[in-house]
Structure formats: C-alpha cells, structure tokens
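In what follows, a single structure is set out as structure tokens and then discussed.
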Amino acid sequence: MFVFVVVNLYLKTWTWTVLVIIIFVQITCAGCGQKSASLQDFSGEEFIMNTLVRVHVICEDEKKGRAALKQAFDVFKKIDHLTNRFPEGGPTASSPGDVLKINGSAGLEPVEVSVDTVRIIQRSQYFARLTGGAFDITIGPVMDSWGFGKDIQYVPTDEEISRALSLVDYRKVEVDPGKATVFLPQPGMSLDLGGVAKGYAMDEAVKALREAGIQHALINAGGSVYALGTRPDGEPWRVGIQDPRNSEDIIAILSLKDSAAVTSGDYQRYFEQEGVYYHHIIDPSTGKQARDLIQTTVIAESTTDADILSTALFVLGPRRGMSFVEELPGTEAVLIGPDKLVSVTAGLINQLTFTGDGGYQIAS
Ligand code: ADP
Ligand code: MG
C-alpha cells in the first residue's frame with residue numbers, strides 16, 4: 001500500500017494559511033519479508049500547536065501501537081502548554097504555562113520553569129549566538145506589532161517596529177539552569193518559541209516512542225517531519241519537499257532514517273495587505289520580513305536543531321545561510337530563493353532526488 005499524504009489546512013481563527021510538506025508513507029509493500037507482513041500502521045492526527053500533527057506508528061501489536069500513539073500526542077500537548085504564549089483557550093486558560101509566566105513577569109522577577117523550557121531556551125540561545133541573532137526568541141514584541149497570533153494582522157509603522165525592536169535582544173535573557181529560572185529584565189519583553197517548540201516536542205515524542213519499543217514511525221507536524229527507523233521494508237522513509245509556489249507539487253524527494261526534515265516557508269503563515277504578502281519569519285535586524293529566501297529545509301538528527309535552523313537560515317539568506325550550514329556537522333539544507341534558485345549542501349546530494357517540476361534551478 002502506498003499512501004500519499006497531502007496536508008493542506010486552513011486556519012480560520014488566525015486567518016493564516018498553513019501548508020505542510022508532503023509526505024510519502026510506504027507502509028507495507030509487496031514482497032516484504034515475514035516480519036513486515038505482521039506489522040500494522042496505527043495512525044492518528046490532532047490539531048496541536050496550531051498545526052495538524054500526524055503520527056504513524058508501525059508495529060505488530062495493536063495495544064502497544066495505540067498506547068505509543070497516545071504518548072506521542074500527550075508529549076505535544078505538554079510542550080504546547082509550556083511554550084504557548086497566548087492565554088486564550090486550551091489548557092493554558094486554567095493554569096498558565098512557562099512562557100506565559102515568563103512573559104507576564106518581564107521586568108519583575110525570575111520565574112521557575114520546567115526542565116523542558118530551560119532546554120528549549122538554552123538551545124535557542126546557542127543558535128542565537130552562532131547566527132549573530134538571526135534566530136532570536138525575544139522576537140515576541142515584533143510579532144505582536146504585526147498582529148501575528150492575534151485575530152487581525154496589519155503592517156505596523158516604522159515607529160511601532162522600532163519601539164518593538166528596542167525590546168528584542170536574546171543576550172538579555174537570564175537563564176539560571178541550576179535553579180531552573182528564566183528572567184526577562186525589561187518590562188514589555190516577551191519570548192516567542194514558535195520557531196523551536198514544535199521541533200522540541202517532536203524530539204520528545206520520538207523519545208517516548210522509542211521508550212515504548214517502537215522501531216518504525218513517522219511524525220509530521222506542519223512542515224516538520226521525523227522519520228524513526230526505516231520503513232517496515234528496511235528502506236528509508238521518503239519525504240517530499242513541497243513546491244513553495246504550488247502546494248500540489250513536490251520539487252524533490254528526500255530519503256530519511258532516524259532524522260528530521262523541517263521546512264520553513266513564506267507561504268506557511270502570512271497575511272495580505274494592498275497586494276503585498278507579509279509572512280511570519282522576521283529578520284530581527286530590521287523587524288520586517290526576511291525576503292531573500294522563500295523556503296528552507298533543514299535535515300538533522302535533532303528536530304529541535306532543524307526547526308531552529310530552518311528559521312535561522314531563512315533570515316540569513318542564501319549566501320550567509322549556505323556558508324553557515326556547510327560548517328555545521330551533521331546538518332544539511334535545501335534553500336530556495338525567490339528567483340527559484342535552489343542551493344543544496346554538498347552532503348545531501350545522495351539523499352535527494354529532484355522531480356524537475358516547477359522550473360527550479362540548482363545553483364552551481
Ligand atoms: P512554523 O511555525 O510555520 O513551523 P518556523 O519554524 O519557521 O515556522 O517558525 C516561525 C515562527 O518563529 C514565527 O511564527 C515566530 O513565532 C517565530 N519567529 C519569527 N521570526 C523569528 C526569528 N528571527 N527568530 C526566532 N523566532 C522567530
Ligand atoms: Mg523553525
């Protein structure tokens with residue numbers, strides 16, 4: 001059986017469009033050995049972190065498969081609660097999560113948080129330093145000035161942007177890992193973990209699946225994919241990279257095993273004003289949309305890292321992004337510019353097959 005999954009989801013409440021990369025899931029195949037003949041696909045999907053999260057668990061035992069699925073979704077809900085910066089609805093309404101508490105105590109006092117939150121922030125800070133602030137989790141006030149995360153988005157004035165930018169600086173975040181506290185020293189500062197939380201949740205969900213004894217699984221959460229083990233037939237999972245200008249098409253197919261592929265795109269969340277599209281990836285040096293790329297895909301063992309880097313490379317642009325990622329061990333990337341030029345890291349060549357669709361050209 002060959003299942004072709006295309007997730008194309010419209011988020012009415014936020015008026016943003018979420019499109020995720022397309023996945024091929026080969027669950028069983030003709031001629032598979034006896035082992036895979038008894039394997040079954042247990043799958044489920046839930047809407048968490050403003051994204052459709054789809055999990056496929058492949059194992060021989062229904063009880064084990066269903067329990068593992070539930071554990072994976074529970075992890076997503078837990079991390080969503082910790083990292084969501086909006087109070088309305090969901091579990092955050094009754095008891096605020098870590099990010100809500102941190103943001104609510106900006107300029108007042110350090111907040112005690114969970115180990116997960118400390119880890120997410122520390123990894124984000126590591127890459128913030130490495131990228132010279134292209135990735136910056138204190139981007140919250142700028143996201144607010146564009147109305148992202150709220151019901152209405154609009155283009156802010158330059159003055160509004162510079163006011164918001166004066167509150168953005170990852171170097172000011174005070175993290176005490178010993179006490180597990182986080183402090184934002186300036187009133188009005190706010191963390192936005194939207195560029196990393198989903199990746200971290202996926203890593204934790206994968207950990208839970210492995211601990212439950214699962215050897216084959218695939219998680220897809222709105223443009224982030226993790227391939228656990230191989231397909232049941234021993235072949236790597238195959239993941240399609242969406243054409244950034246045509247959600248029906250894929251431009252390349254990646255082979256993945258025990259690794260993540262995370263895509264960021266200018267088409268994932270955006271609004272339109274007077275014929276101009278404004279998306280949700282902001283260059284912290286300007287407070288405006290990063291426009292030198294239209295899509296980035298990062299492949300790494302850690303989904304957390306791939307998630308951070310897909311956003312960071314988007315901001316860095318093709319030239320700086322490519323030279324940055326080529327220096328990172330175990331990390332590969334596909335960067336697509338508005339001119340349809342595709343840059344691919346050298347280590348990815350054997351893992352990637354281009355379909356030839358969409359008129360994309362490989363940069364030499
Ligand atoms: P998605 O949420 O669609 O998977 P990304 O992983 O690329 O997309 O993250 C984009 C999100 O990251 C934005 O919605 C915002 O919450 C946050 N963000 C935007 N710009 C930056 C930035 N320069 N550094 C860190 N986070 C950012
Ligand atoms: Mg990201």
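Side notes on the structure shown:
- Taken together, Ser264, Ser323, Ser302 contain a single residue that is over 26 Å from Ala164 (Cα atoms), of a type outside the set (A, V, I, L, M) and crowded, with 19+ Cβ neighbours inside 10 Å, which is Ser302.
- Flag if Arg54 is at pLDDT 95 or above and crowded, with 20+ Cβ neighbours inside 10 Å: yes
- Pairing residues of region 102-115 that are surrounded by 15 or more Cβ atoms within 10 Å (Cβ to Cβ) with residues that are of a type in the set (S, T, N, Q) and assigned to a loop (DSSP other than H, G, I, E, B), at Cβ distances under 9 Å and at least 6 apart in sequence or on separate chains, gives Ile102/Ser190; Asn103/Ser190; Ala106/Gln186; Ala106/Ser190; Val111/Ser105.
- Any hit, region 262-278, residues being within 16 Å of ligand 1 (Cβ to nearest atom), out of contact with any Cys (no Cβ under 6 Å at 6 or more places or on another chain) and at positive phi: no
- Checking Asp305 against (1) over 30 Å from Ala205 (Cα atoms); (2) at pLDDT 95 or above, the condition it does not meet: (1)
- Screening the candidates Leu328, Leu313, Leu335 for the property of being within 16 Å of ligand 2 (Cβ to nearest atom), farther than 15 Å from Val262 by Cα and not hydroxyl-bearing (Ser, Thr, Tyr) yields one hit, Leu328.
- Among (1) of a type outside the set (Val, Ile, Thr); (2) away from ligand 1 (no atom under 12 Å from the Cβ); (3) within 12 Å of the chain's Cα centre (by Cα) - the single one Phe324 does not satisfy: (3)
- Which numbered condition Leu316 fails, given (1) surrounded by fewer than 24 Cβ atoms within 10 Å (Cβ to Cβ); (2) more than 15 Å from Ser224 (Cα to Cα); (3) of a type outside the set (Val, Ile, Thr); (4) within 11 Å of ligand 1 (Cβ to nearest atom): (1)
- Taking every residue in region 292-311 that is near ligand 1 (Cβ under 10 Å from one of its atoms) and pairing it with any residue that is of a type in the set (Ser, Thr, Tyr) and at pLDDT below 95, at least 6 positions away or on another chain, the pairs with Cβ-Cβ distances below 7 Å are Asp307/Ser224.
- Flag not set for Gln289, criterion: within 20 Å of Lys198 (Cα to Cα), surrounded by fewer than 24 Cβ atoms within 10 Å (Cβ to Cβ) and within 10 Å of ligand 1 (Cβ to nearest atom).
- Any hit, region 236-248, residues being over 30 Å from Lys150 (Cβ atoms), of a type in the set (Gly, Ala, Ser) and away from ligand 1 (no atom under 14 Å from the Cβ): yes
- Flag for Ala252 being within 16 Å of ligand 2 (Cβ to nearest atom), in contact (Cβ under 8 Å) with a residue 60 or more places away in the chain and farther than 26 Å from Pro156 by Cα: no
Condition check ((1) in contact with a Gly (Cβ under 8 Å, 6 or more places away or on another chain); (2) among the hydroxyl-bearing types (Ser, Thr, Tyr)) across all residues:
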| residue | (1), (2) |
| --- | --- |
| Ser302 | yes, yes |
| Gly321 | no, no |
| Glu326 | no, no |
| Thr331 | no, yes |
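- Test result for Ile58, assigned to a strand (DSSP E or B) and β-branched (Val, Ile, Thr): yes
- Region 147-201 - residue that is among the acidic types (Asp, Glu), touching a residue at least 24 places away in the same chain (Cβ under 8 Å) and surrounded by fewer than 23 Cβ atoms within 10 Å (Cβ to Cβ) and, of those, nearest to ligand 1 (Cβ to nearest atom): Asp169
- Subset of region 218-251 that is of a type in the set (Ser, Thr, Tyr) and more than 15 Å from the chain's Cα centre (by Cα) - its residue that is nearest to Arg269 (Cα to Cα): Ser247
The values are calculated or read from the model by the stated rules, or taken from the named source; none is laboratory data. Bear in mind that the values here come from a model prediction, so they are computed numbers and not experimental data. Please note: Cβ atoms are built from the backbone with ideal geometry, for glycine as well, and neighbour counts cover all protein chains shown.
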